[in-house]
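The values are calculated or read from the model by the stated rules, or taken from the named source; none is laboratory data. Everything quoted here is computed from the prediction, not taken from an experiment. So basically every Cβ, Gly included, is an ideal-geometry build from the backbone, and we count neighbours across all protein chains shown.
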Amino acid sequence: MKNKKFTILILMLIVVIGLTTNIRAAEMSLEKAINHFVENSSQLENARRDTKVSELDLEVTKKGLAPEVTLQSSYTRLGEAPLSPSKYLFQGTEDPTQPGTFVGEMVPIEFQEQSQDNYSTTLTINKPLYLGGQVKNGTKLSKKAVQLNELKYEQTLNNSLNSVIQAYFNVLIKQGVLEIQRNSLQLVENHLENVQKNYEAGLVVKSDVNEVKIEVNKTKQSILTAENDLKIAKKRLADLLELDDTDFTLKQPDIPEIENDLQTQLDKAYKNKFELRSLELNQEMKSINKEMEDNLYKPSFFLRGNYSFEGDSLDFSDGNFTITLSGSVTLYDGNKSNLNQKKVELEKENLENNEEQIKKNIETEIMQALYKIDENKQSLEIDKLNEEQAQENYQQAVKRFENGVGTSLDVLRAETNLNQIRISKNQTHYQYIMSIYNLMHKTGTLNKYFEDVIQNEIK
């Protein structure tokens, strides 16, 4: 019975380990990588907290006209009970200047002990009635601050997604280079077998064999470098995704469809670009600040209620109550308000100038991104043609060598050229896709694109 339980336990462990291995080694798509990053990134979580902090500030600002209630209470215990006169005796004499008139004083002759306890309580209520519109403007300003932090979160997300994409494609590039180098090693080793056979048959000299062996060793070194590059690329991606290990493989991503039109992309950028949107918010905040300076000379009104009680027991029925209505207005502030208004106007002018410059920079960035897409697309077509020609040259070099009309060096040169072209094609292929995502990054639409893609994937 014990052996049966032990066997079942071992089988369960094997299943669990197998499932864990499958999960760890499972293929990861770009969409899943992005989704994992959004859900687990501490950087994004910090940005979300900043937004929540500004939302709390907004709630505090809205309470600007809320009443404040203060309760102060104290209790005193005397070491000895105080004495209070309970009976008096008049002691006096006749005034010699006014016969029949007596002068003197009441002298206490009996005393009564008072309580050793003393309670004192004051309840105060302060209610702002009107603060010259400052609470209303402060609320507007706080709302803009919330929007600004939401915008900063979107910007952080957009930049972070771009970093994840670059790291993802860097892994694919390094992985492709490694596969190409391994295929190259296979070709060179096959060629080495042929050269050795020809050498044994006396058809080639020893130096031909040595040349191929050198090429084999060089290719092995290249494979070692490619393996290390891939490990580092995976580690960087894992760090971004906050994964504990690098035991994963990546799926080949789809190529997004875009409109290759400058004006269309510019319109998207002007609508979504974070720099322009934040600039607009800052302009609105400056206008609110100016209005707050304009309201400085408006009056403020407060209502204050006070109830106080003092006695030897907690009895609130016999206390004193007062209510006060007060108002204040600033008559002169040393001209600070006017200076602040001028300062705000100058800052608004700077923002307007910055807007024009930002739009020019955006236009240049979008043009550059579109040119890069077209350049990579054409380069990829050229690399494909070059690969076909290099493949044909390699096959012809191998045939000439097998027929005894070509040299081993010709085969090595053709193989090296084919290897380099394949590496170039591999890199250009992924750079082409990356340039499309880079355009989305520049137009500020990367967030929206992956939000839609991930939702569609979930569905």
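For (1) closer than 30 Å to TYR270 by Cβ; (2) in a helix (DSSP H, G or I); (3) under 28 Å from the mean Cα position of the chain (by Cα); (4) touching a residue at least 24 places away in the same chain (Cβ under 8 Å), each residue gets a yes or a no:
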{"site": "SER308", "(1), (2), (3), (4)": "no, no, no, yes"}
{"site": "GLN357", "(1), (2), (3), (4)": "yes, yes, yes, no"}
{"site": "LEU370", "(1), (2), (3), (4)": "yes, yes, yes, yes"}
{"site": "LYS377", "(1), (2), (3), (4)": "yes, yes, no, yes"}
{"site": "GLU388", "(1), (2), (3), (4)": "no, yes, no, no"}
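Given the condition surrounded by 14 or more Cβ atoms within 10 Å (Cβ to Cβ), assigned to a loop (DSSP other than H, G, I, E, B) and at positive phi, answer yes or no: does some residue in the stretch 395-406 qualify?
No.
Test each condition in (1) surrounded by 15 or more Cβ atoms within 10 Å (Cβ to Cβ); (2) closer than 22 Å to LYS140 by Cβ; (3) more than 33 Å from the chain's Cα centre (by Cα) for THR330 and report the one that comes out false.
Condition not satisfied by THR330: (1).
Among the residues of the stretch 213-255, which ones are in a helix (DSSP H, G or I), more than 13 Å from GLN175 (Cα to Cα) and of a type in the set (Asp, Glu)?
GLU215, ASP239
Check off (1) over 30 Å from SER163 (Cα atoms); (2) surrounded by fewer than 18 Cβ atoms within 10 Å (Cβ to Cβ); (3) in contact (Cβ under 8 Å) with a residue 40 or more places away in the chain for ASP245 and give me the number that stays unchecked.
(1)
Scan the stretch 435-449 and give yes if some residue there is part of a helix (DSSP H, G or I), of a type in the set (D, E, K, R) and closer than 28 Å to LEU192 by Cβ, otherwise no. Let's see the steps before the verdict.
Quick first cut of the stretch 435-449, residues part of a helix (DSSP H, G or I) only: 435-443, 446-449.
Those still in the list that are of a type in the set (D, E, K, R) too: 442, 448.
If we keep only those that are closer than 28 Å to LEU192 by Cβ too, we end up with none.
No, there is no match, as no residue in the stretch 435-449 is part of a helix (DSSP H, G or I), of a type in the set (D, E, K, R) and closer than 28 Å to LEU192 by Cβ.
Could you check PRO96 against (1) over 60 Å from the mean Cα position of the chain (by Cα); (2) within 30 Å of PRO128 (Cα to Cα) and say which number it fails?
If we test PRO96 against (1) over 60 Å from the mean Cα position of the chain (by Cα); (2) within 30 Å of PRO128 (Cα to Cα), just (2) comes out false.
Does ASN340 satisfy the criteria of being surrounded by 12 or more Cβ atoms within 10 Å (Cβ to Cβ), in a helix (DSSP H, G or I), touching an Asp or Glu at 6+ places or on another chain (Cβ under 9 Å) and free of Cβ contacts under 8 Å to residues at least 60 places away in the same chain? Working first, answer last.
On the way: surrounded by 12 or more Cβ atoms within 10 Å (Cβ to Cβ): yes; in a helix (DSSP H, G or I): yes; touching an Asp or Glu at 6+ places or on another chain (Cβ under 9 Å): yes; free of Cβ contacts under 8 Å to residues at least 60 places away in the same chain: yes.
Yes; evaluated as a whole, the condition is true for this residue.
Restricting attention to the stretch 190-212, which residues are surrounded by 14 or more Cβ atoms within 10 Å (Cβ to Cβ) and either in contact with a Cys (Cβ under 6 Å, 6 or more places away or on another chain) or assigned to a helix (DSSP H, G or I) (or both)?
Step one: of the stretch 190-212, the residues surrounded by 14 or more Cβ atoms within 10 Å (Cβ to Cβ) are 191-192, 194-196, 198-199, 204, 208-209, 211-212.
Scanning the stretch 190-212 gives HIS191, LEU192, ASN194, VAL195, GLN196, ASN198, TYR199, ASP208, VAL209, GLU211, VAL212.
I need the full set of residues from the stretch 344-376 which are surrounded by 14 or more Cβ atoms within 10 Å (Cβ to Cβ) and more than 30 Å from TYR430 (Cβ to Cβ), in order please.
Residues satisfying the conditions are VAL344, GLU347, LYS348, LEU351, ASN354, GLU355, ILE358, LYS359.
Kindly indicate which of THR76, THR93 is surrounded by fewer than 17 Cβ atoms within 10 Å (Cβ to Cβ), at pLDDT 75 or above and over 30 Å from HIS441 (Cβ atoms).
On the way: THR93 fails: at pLDDT 75 or above.
When all the criteria are applied, what remains is THR76.
Within the set of pairs 6 or more residues apart or between chains, which connect a residue that is closer than 11 Å to VAL216 by Cα inside the stretch 170-188 to a residue that is crowded, with 21+ Cβ neighbours inside 10 Å and among the acidic types (Asp, Glu) with Cβ atoms less than 8 Å apart?
SER184/GLU415; LEU187/GLU415; VAL188/GLU215; VAL188/GLU415
Which of the residues spanning the stretch 61-73 are of a type in the set (Val, Ile, Thr) and surrounded by 11 or more Cβ atoms within 10 Å (Cβ to Cβ)?
Of all residues in the stretch 61-73, those of a type in the set (Val, Ile, Thr) come to 61, 69-70.
If the condition is that a residue be of a type in the set (Val, Ile, Thr) and surrounded by 11 or more Cβ atoms within 10 Å (Cβ to Cβ), then THR61, VAL69 are the ones that fit.
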